[in-house]
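Just below is one structure, and these are the notes that go with it.
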Amino acid sequence: MFSLLRTFITVYETRNFTQTAEKLFLSQPTISAQIKKLESELQTPLFIRKGKLEISPTKEADFLYPRCLVLLEEWADTRQRIVDKETFRESCQIAASNTCATHLLPRLMPHLLAAFPTVDFRIDMRNSHEVVQQLHQHQADLGLIEKPQPVADLRRELLLEDELILAGKPDAPWLLREADSGLRAYNDDYLTQQNLTPAFLPVNNNEVAVALLQNGVGQTILSKLSLPAGVPYRTFEPPKTRPLYLVYREEKPLILKIAAFIHSTVPTF
(Lines give C-alpha, C1' and ligand atoms only; values in the text may rest on other atoms or scores of the structure.)
Protein backbone atom coordinates (compact mmCIF):
# COMPACT_ATOMS: atom_id res chain seq x y z
CA MET A 1 0.00 0.00 0.00
CA PHE A 2 2.80 2.45 0.84
CA SER A 3 4.31 2.06 -2.63
CA LEU A 4 0.92 2.96 -4.12
CA LEU A 5 0.73 6.06 -1.94
CA ARG A 6 4.26 7.15 -2.89
CA THR A 7 3.37 6.79 -6.54
CA PHE A 8 0.15 8.75 -6.03
CA ILE A 9 2.03 11.59 -4.27
CA THR A 10 4.57 11.84 -7.09
CA VAL A 11 1.90 11.80 -9.81
CA TYR A 12 -0.07 14.45 -7.91
CA GLU A 13 3.01 16.70 -7.66
CA THR A 14 4.25 16.23 -11.23
CA ARG A 15 0.85 15.91 -12.99
CA ASN A 16 2.71 13.62 -15.37
CA PHE A 17 3.04 9.81 -15.53
CA THR A 18 6.30 9.94 -17.51
CA GLN A 19 8.04 12.24 -15.03
CA THR A 20 6.77 10.09 -12.17
CA ALA A 21 8.20 6.96 -13.81
CA GLU A 22 11.59 8.69 -14.20
CA LYS A 23 11.63 9.91 -10.59
CA LEU A 24 10.67 6.51 -9.15
CA PHE A 25 12.77 4.47 -11.61
CA LEU A 26 9.72 2.52 -12.76
CA SER A 27 8.11 2.00 -16.15
CA GLN A 28 5.17 4.16 -17.18
CA PRO A 29 2.82 1.12 -17.44
CA THR A 30 3.76 0.25 -13.83
CA ILE A 31 2.85 3.76 -12.70
CA SER A 32 -0.49 3.59 -14.52
CA ALA A 33 -1.22 0.17 -13.03
CA GLN A 34 -0.44 1.36 -9.50
CA ILE A 35 -2.73 4.38 -9.83
CA LYS A 36 -5.52 2.18 -11.21
CA LYS A 37 -5.05 -0.23 -8.28
CA LEU A 38 -5.27 2.62 -5.77
CA GLU A 39 -8.37 3.99 -7.50
CA SER A 40 -9.87 0.50 -7.32
CA GLU A 41 -9.06 0.24 -3.60
CA LEU A 42 -10.68 3.61 -2.93
CA GLN A 43 -13.48 3.05 -5.45
CA THR A 44 -13.06 6.53 -6.89
CA PRO A 45 -11.09 8.15 -9.73
CA LEU A 46 -8.10 10.21 -8.61
CA PHE A 47 -7.01 11.75 -11.90
CA ILE A 48 -8.75 12.92 -15.03
CA ARG A 49 -6.83 11.96 -18.17
CA LYS A 50 -6.72 14.66 -20.84
CA GLY A 51 -4.95 13.12 -23.81
CA LYS A 52 -1.74 11.09 -23.58
CA LEU A 53 0.24 13.41 -21.31
CA GLU A 54 -2.00 15.89 -19.50
CA ILE A 55 -3.77 14.86 -16.29
CA SER A 56 -5.49 16.77 -13.50
CA PRO A 57 -6.39 15.63 -9.96
CA THR A 58 -9.97 15.11 -8.85
CA LYS A 59 -11.34 16.63 -5.66
CA GLU A 60 -10.83 13.22 -4.05
CA ALA A 61 -7.12 13.41 -4.95
CA ASP A 62 -6.92 16.92 -3.45
CA PHE A 63 -8.41 15.49 -0.25
CA LEU A 64 -6.10 12.47 -0.21
CA TYR A 65 -2.76 14.20 -0.97
CA PRO A 66 -2.06 16.00 2.36
CA ARG A 67 -3.23 12.96 4.32
CA CYS A 68 -0.84 10.72 2.41
CA LEU A 69 2.04 13.06 3.24
CA VAL A 70 1.23 12.82 6.95
CA LEU A 71 0.74 9.05 6.79
CA LEU A 72 4.06 8.38 5.06
CA GLU A 73 5.91 10.78 7.35
CA GLU A 74 4.48 9.03 10.42
CA TRP A 75 5.36 5.63 8.96
CA ALA A 76 8.96 6.73 8.24
CA ASP A 77 9.23 8.14 11.76
CA THR A 78 7.84 4.91 13.25
CA ARG A 79 10.29 2.77 11.28
CA GLN A 80 13.19 5.00 12.33
CA ARG A 81 12.15 4.88 15.98
CA ILE A 82 12.11 1.07 15.84
CA VAL A 83 15.54 0.98 14.17
CA ASP A 84 16.89 3.40 16.77
CA LYS A 85 15.17 1.73 19.72
CA GLU A 86 18.51 1.24 21.49
CA THR A 87 19.21 4.97 21.60
CA PHE A 88 15.71 6.41 21.12
CA ARG A 89 17.09 9.04 18.80
CA GLU A 90 14.79 11.38 16.87
CA SER A 91 15.35 13.56 13.83
CA CYS A 92 14.69 17.17 12.86
CA GLN A 93 15.11 18.53 9.34
CA ILE A 94 15.72 22.29 9.21
CA ALA A 95 15.31 24.10 5.89
CA ALA A 96 16.74 27.61 5.85
CA SER A 97 17.13 30.41 3.36
CA ASN A 98 20.56 31.80 2.53
CA THR A 99 21.33 34.30 5.31
CA CYS A 100 19.67 32.14 7.95
CA ALA A 101 21.58 29.02 6.86
CA THR A 102 25.01 30.59 6.58
CA HIS A 103 24.98 33.16 9.40
CA LEU A 104 22.16 32.45 11.87
CA LEU A 105 22.21 28.66 12.10
CA PRO A 106 25.97 28.39 12.81
CA ARG A 107 25.35 30.48 15.96
CA LEU A 108 22.19 28.57 16.86
CA MET A 109 23.34 24.96 16.32
CA PRO A 110 25.66 24.68 19.38
CA HIS A 111 22.70 25.65 21.58
CA LEU A 112 20.36 23.20 19.81
CA LEU A 113 22.81 20.31 20.04
CA ALA A 114 23.35 20.94 23.74
CA ALA A 115 19.64 21.27 24.50
CA PHE A 116 18.55 18.26 22.38
CA PRO A 117 21.37 15.69 22.57
CA THR A 118 19.21 12.79 21.32
CA VAL A 119 18.04 14.60 18.18
CA ASP A 120 19.79 14.19 14.83
CA PHE A 121 19.57 17.55 13.07
CA ARG A 122 19.87 17.97 9.30
CA ILE A 123 20.18 21.30 7.48
CA ASP A 124 19.11 22.09 3.93
CA MET A 125 19.67 25.53 2.38
CA ARG A 126 16.94 26.72 0.00
CA ASN A 127 15.30 30.00 -0.98
CA SER A 128 12.34 31.12 1.13
CA HIS A 129 9.74 29.85 -1.33
CA GLU A 130 11.35 26.39 -1.44
CA VAL A 131 11.57 26.26 2.36
CA VAL A 132 7.80 26.76 2.66
CA GLN A 133 7.23 24.23 -0.11
CA GLN A 134 9.34 21.64 1.74
CA LEU A 135 7.32 22.19 4.90
CA HIS A 136 4.04 21.74 3.03
CA GLN A 137 5.38 18.54 1.44
CA HIS A 138 6.62 17.20 4.81
CA GLN A 139 10.23 17.25 3.63
CA ALA A 140 11.25 19.58 6.45
CA ASP A 141 10.17 20.05 10.08
CA LEU A 142 11.27 23.64 10.68
CA GLY A 143 11.97 26.54 8.36
CA LEU A 144 13.90 29.80 8.67
CA ILE A 145 13.00 32.33 5.99
CA GLU A 146 13.79 35.92 5.00
CA LYS A 147 10.65 36.73 3.00
CA PRO A 148 7.01 36.92 4.20
CA GLN A 149 5.92 33.94 2.08
CA PRO A 150 2.27 32.76 2.20
CA VAL A 151 2.24 29.99 4.81
CA ALA A 152 -1.25 28.49 4.80
CA ASP A 153 -1.57 25.65 7.32
CA LEU A 154 1.79 26.56 8.89
CA ARG A 155 2.70 28.60 11.94
CA ARG A 156 4.92 31.60 11.22
CA GLU A 157 6.61 33.53 14.05
CA LEU A 158 8.78 36.63 13.85
CA LEU A 159 12.24 35.52 15.01
CA LEU A 160 14.17 38.79 14.83
CA GLU A 161 14.52 42.02 12.91
CA ASP A 162 17.64 41.68 10.77
CA GLU A 163 19.50 44.98 10.33
CA LEU A 164 20.49 45.81 6.76
CA ILE A 165 23.55 47.88 5.90
CA LEU A 166 25.18 49.24 2.74
CA ALA A 167 28.56 47.52 2.50
CA GLY A 168 31.48 48.27 0.20
CA LYS A 169 33.10 51.28 -1.43
CA PRO A 170 30.74 54.09 -2.56
CA ASP A 171 32.24 54.30 -6.06
CA ALA A 172 32.26 50.53 -6.69
CA PRO A 173 29.95 48.57 -9.02
CA TRP A 174 26.67 47.45 -7.46
CA LEU A 175 26.48 43.76 -6.58
CA LEU A 176 22.96 42.79 -7.61
CA ARG A 177 21.48 39.51 -6.42
CA GLU A 178 19.20 37.22 -8.45
CA ALA A 179 15.51 38.14 -8.84
CA ASP A 180 14.17 35.69 -6.24
CA SER A 181 16.72 36.65 -3.58
CA GLY A 182 15.32 38.06 -0.34
CA LEU A 183 17.74 41.02 -0.65
CA ARG A 184 17.07 41.93 -4.28
CA ALA A 185 13.94 43.97 -3.54
CA TYR A 186 15.74 46.04 -0.88
CA ASN A 187 18.53 46.89 -3.32
CA ASP A 188 16.10 47.73 -6.13
CA ASP A 189 14.00 49.96 -3.86
CA TYR A 190 17.06 51.83 -2.57
CA LEU A 191 18.44 52.47 -6.06
CA THR A 192 15.05 53.76 -7.21
CA GLN A 193 14.53 55.98 -4.15
CA GLN A 194 18.02 57.48 -4.48
CA ASN A 195 17.72 57.77 -8.28
CA LEU A 196 21.01 55.87 -8.69
CA THR A 197 22.14 54.19 -11.92
CA PRO A 198 25.47 52.54 -11.03
CA ALA A 199 27.36 49.93 -12.99
CA PHE A 200 26.05 46.47 -12.01
CA LEU A 201 27.86 43.26 -11.25
CA PRO A 202 25.22 40.48 -11.01
CA VAL A 203 25.89 37.67 -8.52
CA ASN A 204 23.69 34.65 -7.86
CA ASN A 205 24.33 33.97 -4.17
CA ASN A 206 25.28 35.70 -0.95
CA GLU A 207 28.61 33.90 -0.52
CA VAL A 208 29.90 35.28 -3.83
CA ALA A 209 28.82 38.82 -2.86
CA VAL A 210 30.52 38.51 0.55
CA ALA A 211 33.73 37.16 -1.00
CA LEU A 212 33.81 40.05 -3.50
CA LEU A 213 33.32 42.59 -0.71
CA GLN A 214 36.16 40.99 1.26
CA ASN A 215 38.41 41.55 -1.74
CA GLY A 216 37.40 45.18 -2.17
CA VAL A 217 35.02 44.60 -5.09
CA GLY A 218 31.54 46.08 -5.24
CA GLN A 219 28.91 47.49 -2.92
CA THR A 220 25.50 46.18 -1.96
CA ILE A 221 22.80 46.14 0.70
CA LEU A 222 23.05 43.01 2.82
CA SER A 223 22.42 41.67 6.29
CA LYS A 224 24.74 42.91 9.02
CA LEU A 225 24.89 39.26 10.12
CA SER A 226 26.84 38.43 6.95
CA LEU A 227 29.15 41.49 6.93
CA PRO A 228 32.80 40.36 6.70
CA ALA A 229 35.27 41.88 9.16
CA GLY A 230 37.14 44.84 7.75
CA VAL A 231 34.64 45.71 5.03
CA PRO A 232 33.51 49.37 5.18
CA TYR A 233 29.78 49.91 5.58
CA ARG A 234 27.15 52.57 6.17
CA THR A 235 24.02 52.24 8.27
CA PHE A 236 20.64 53.71 7.36
CA GLU A 237 18.78 56.43 9.21
CA PRO A 238 16.23 55.43 10.28
CA PRO A 239 17.59 51.87 10.51
CA LYS A 240 16.54 49.56 7.68
CA THR A 241 15.53 46.07 8.83
CA ARG A 242 13.84 42.99 7.45
CA PRO A 243 12.00 40.28 9.41
CA LEU A 244 13.41 36.78 9.75
CA TYR A 245 10.73 34.15 10.42
CA LEU A 246 10.52 30.74 12.03
CA VAL A 247 7.98 28.54 10.22
CA TYR A 248 6.77 25.06 11.15
CA ARG A 249 3.88 22.62 11.23
CA GLU A 250 2.12 22.31 14.59
CA GLU A 251 2.00 18.51 14.65
CA LYS A 252 4.91 16.87 16.49
CA PRO A 253 5.53 17.61 20.20
CA LEU A 254 9.30 17.46 19.62
CA ILE A 255 9.16 20.10 16.85
CA LEU A 256 7.04 22.36 19.05
CA LYS A 257 9.69 22.12 21.79
CA ILE A 258 12.51 22.87 19.36
CA ALA A 259 10.58 25.80 17.87
CA ALA A 260 9.97 27.28 21.32
CA PHE A 261 13.67 26.88 22.16
CA ILE A 262 14.76 28.61 18.94
CA HIS A 263 12.29 31.43 19.52
CA SER A 264 13.66 32.08 23.01
CA THR A 265 17.36 31.61 22.13
CA VAL A 266 17.90 33.61 18.92
CA PRO A 267 17.02 37.03 20.45
CA THR A 268 19.88 36.55 22.97
CA PHE A 269 22.57 36.48 20.25
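Inspect the range 182-197 for any residue being at pLDDT below 95, in a loop (DSSP other than H, G, I, E, B) and under 12 Å from the mean Cα position of the chain (by Cα) and give the result as yes or no. No. Scanning the range 199-230 for residues that are in a strand (DSSP E or B), β-branched (Val, Ile, Thr) and either surrounded by fewer than 22 Cβ atoms within 10 Å (Cβ to Cβ) or at pLDDT below 95 (or both) yields nothing. Taken together, the criteria exclude Leu254 from residues that are hydrophobic (A, V, I, L, M, F, W, C), crowded, with 20+ Cβ neighbours inside 10 Å and touching a residue at least 40 places away in the same chain (Cβ under 8 Å).
Filter the range 38-75 down to the residues that are over 27 Å from the mean Cα position of the chain (by Cα) and among the hydroxyl-bearing types (Ser, Thr, Tyr) and list them by number. Result: Ser40, Thr44, Thr58.
With the structure loaded, tell me whether Val247 is assigned to a loop (DSSP other than H, G, I, E, B), surrounded by 14 or more Cβ atoms within 10 Å (Cβ to Cβ), at pLDDT 95 or above and not aromatic (Phe, Trp, Tyr) or whether it fails that test.
Here the answer is no, as Val247 does not meet what is asked.
Scan the range 254-269 and tell me whether some residue there is among the basic types (Lys, Arg) and either in the same structural domain as Leu69 (by the TED database) or outside any helix (DSSP H, G or I) (or both). Scanning the range 254-269, I find no residue that is among the basic types (Lys, Arg) and either in the same structural domain as Leu69 (by the TED database) or outside any helix (DSSP H, G or I) (or both), so the answer is no.
For Gln34, the conditions (1) surrounded by 16 or more Cβ atoms within 10 Å (Cβ to Cβ); (2) of a type in the set (S, T, N, Q); (3) in a loop (DSSP other than H, G, I, E, B) are fulfilled apart from (3).
Is it fair to say Gly168 is modelled with pLDDT of 95 or more and on the phi > 0 side of the Ramachandran plot?
When the stated conditions are applied, Gly168 passes them.
From the list Asp153, Asp124, pick out the single residue that is modelled with pLDDT of 95 or more, of a type in the set (Asp, Glu) and not assigned by the TED database to the domain that holds Val11. From the options Asp153, Asp124, the qualifying one is Asp124. Among the residues of the range 191-217, just one is within 27 Å of Glu237 (Cβ to Cβ) and either touching a residue at least 60 places away in the same chain (Cβ under 8 Å) or not assigned by the TED database to the domain that holds Leu175 (or both), namely Asn206.
Within the range 34-48, residues that are closer than 11 Å to Thr58 by Cα reach partners that are at pLDDT below 90 and surrounded by 18 or more Cβ atoms within 10 Å (Cβ to Cβ) with beta carbons closer than 6 Å, at six or more positions or on different chains, in the pairs Phe47/Ile55. Restricting attention to the range 58-65, does a residue exist that is without any contact (Cβ under 8 Å) to a residue 12 or more places away in the chain and buried (at least 16 other Cβ atoms within 10 Å of the Cβ)? No: zero hits.
The values are calculated or read from the model by the stated rules, or taken from the named source; none is laboratory data. Values in this document were obtained by computation on a predicted structure and should not be read as measured data. Please note: Cβ atoms are built from the backbone with ideal geometry, for glycine as well, and neighbour counts cover all protein chains shown.
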